[in-house]
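Okay, so here's the structure we're looking at.
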Amino acid sequence: MDLGIGGKRAIVCAASRGLGRGCAEALAAVGVELVINARSAPALEETAAAIRARHGVAVTAVAADITTPEGRAAVLAACAEPDILVNNAGGPPPGIWSDWSRDDFIRALDANLLAPIAMMQAVLPAMTERGWGRVVNITSAAVRAPIPALGLSNTARTGLTGFVAGTSRQVAARGVTINNLLPGIHATDRAEALDRGVAEAEGIDIGEARRRREATIPVRRYGTAEEFGATCAFLCSVHAGYIVGQNILLDGGATNITI
Ligand code: NAP
């Protein structure tokens, strides 16, 4: 299937590895020019070079913290009017509700609520003016079924879900879609860090922690960044113009809900 977005320009935030990189790779594979971002310059440059070599598209790397106004300004300076925006950032650390301070909440809200909103506010005016645009926010399965230890994530991401639910309906008439992708467990550094935490807490090795978690997923495995990226690319395609304000679970069936 031709996704019909060859030659379009995308910003993919937090994309040197993991799910953001999966989205960047899948968009590059269908001819989208990229601005990719992460904080660590060497890893980001390496990813940019690999994507250029593999897919032959222009890739600009902007090393910056997307959760800060300066970081977002640097990314937007490289591409002020993208056709496609993929919002992403690192997830908050696990913990317990009684320990989180105001500062912990502010950090989580900055990263997983206010940063994606600021990016949307920056790019939506030109998208609606041109009559075409795609925004995909990487959120979490935690917005459908809370993960108690990730209360900071539950809190920030449900806020973003509410913003998208309303805003997506306000821009849809102008050819712009906004949707959220909700990852369940995927084989990335983030998942490994969470497994390491479980292994330490329960006195087991990390392989055992992963096997136990895989056993709870109907498909019996972790998702991959490649399949996550492919779904993102479809949402960004010309074929996805009727998908508006949706929260799409990519979790191997792990969230035990009917709708
Ligand atoms: P990951 O493998 O740890 O990769 C995170 C990427 O984001 C890296 O490229 C990292 O590069 C970049 N990044 C982190 N903080 C950033 C910041 N402030 N500014 C710019 N770039 C930043 O994570 P992932 O597994 O792909 O997860 C992506 C998102 O999905 C996270 O929010 C995570 O909580 C959420 N999620 C993941 C899973 C899962 O199973 N993997 C499940 C549910 C939700 P630098 O460190 O160099 O900045």
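Between residues in the stretch 1-29 that are outside any helix (DSSP H, G or I) and residues that are buried (at least 24 other Cβ atoms within 10 Å of the Cβ) and basic (Lys, Arg), which pairs lie under 6 Å by C-beta distance while being six or more apart or on different chains?
ALA15/ARG21
For the stretch 220-253, how many residues are within 14 Å of the ligand (Cβ to nearest atom), surrounded by 17 or more Cβ atoms within 10 Å (Cβ to Cβ) and either on the phi > 0 side of the Ramachandran plot or assigned to a loop (DSSP other than H, G, I, E, B) (or both)?
Matching residues across the stretch 220-253 total 3.
Looking at (1) assigned to a loop (DSSP other than H, G, I, E, B); (2) open to solvent by less than 40 Å² (accessible area, probe 1.4 Å), find the lone condition where THR258 falls short.
Just one mismatch for THR258, condition (2).
Right, ARG54: within 8 Å of the ligand (Cβ to nearest atom), open to solvent by 40 Å² or more (accessible area, probe 1.4 Å) and part of a helix (DSSP H, G or I) or not?
No; evaluated as a whole, the condition is false for this residue.
Of all residues in the stretch 74-105, how many are open to solvent by 60 Å² or more (accessible area, probe 1.4 Å) and in contact with a helix residue (DSSP H, G or I) (Cβ under 9 Å, 6 or more places away or on another chain)?
7
For the subset of the stretch 140-161 comprising residues that are within 10 Å of the ligand (Cβ to nearest atom) and not in a helix (DSSP H, G or I), which member is surrounded by the fewest Cβ atoms within 10 Å (Cβ to Cβ)?
Checking each candidate, the answer is ILE147.
In the stretch 30-40, which residues are over 18 Å from the mean Cα position of the chain (by Cα) and either in contact (Cβ under 8 Å) with a residue 60 or more places away in the chain or within 8 Å of the ligand (Cβ to nearest atom) (or both)?
VAL30
Cβ-Cβ below 7 Å, separation at least six or inter-chain, first residue in the stretch 195-219 and assigned to a helix (DSSP H, G or I), second open to solvent by less than 80 Å² (accessible area, probe 1.4 Å) and aromatic (Phe, Trp, Tyr): which pairs?
Hits for this filter: GLU214/TYR222.
Taking the stated definitions as given, is THR47 more than 9 Å from the ligand (Cβ to nearest atom) and free of Cβ contacts under 8 Å to residues at least 60 places away in the same chain?
No: the conditions fail for THR47.
The values are calculated or read from the model by the stated rules, or taken from the named source; none is laboratory data. Every value quoted in this text rests on a predicted model; they were computed, and no experiment measured them. When we count neighbours, we look across all protein chains shown, and the Cβ atoms used for this are built from the backbone with ideal geometry, even at glycine. In case anyone asks, the SASA skips ligands and DNA or RNA and just uses the protein heavy atoms, side chains included. Shrake-Rupley method; radii C 1.70, N 1.55, O 1.52, S 1.80 Å.
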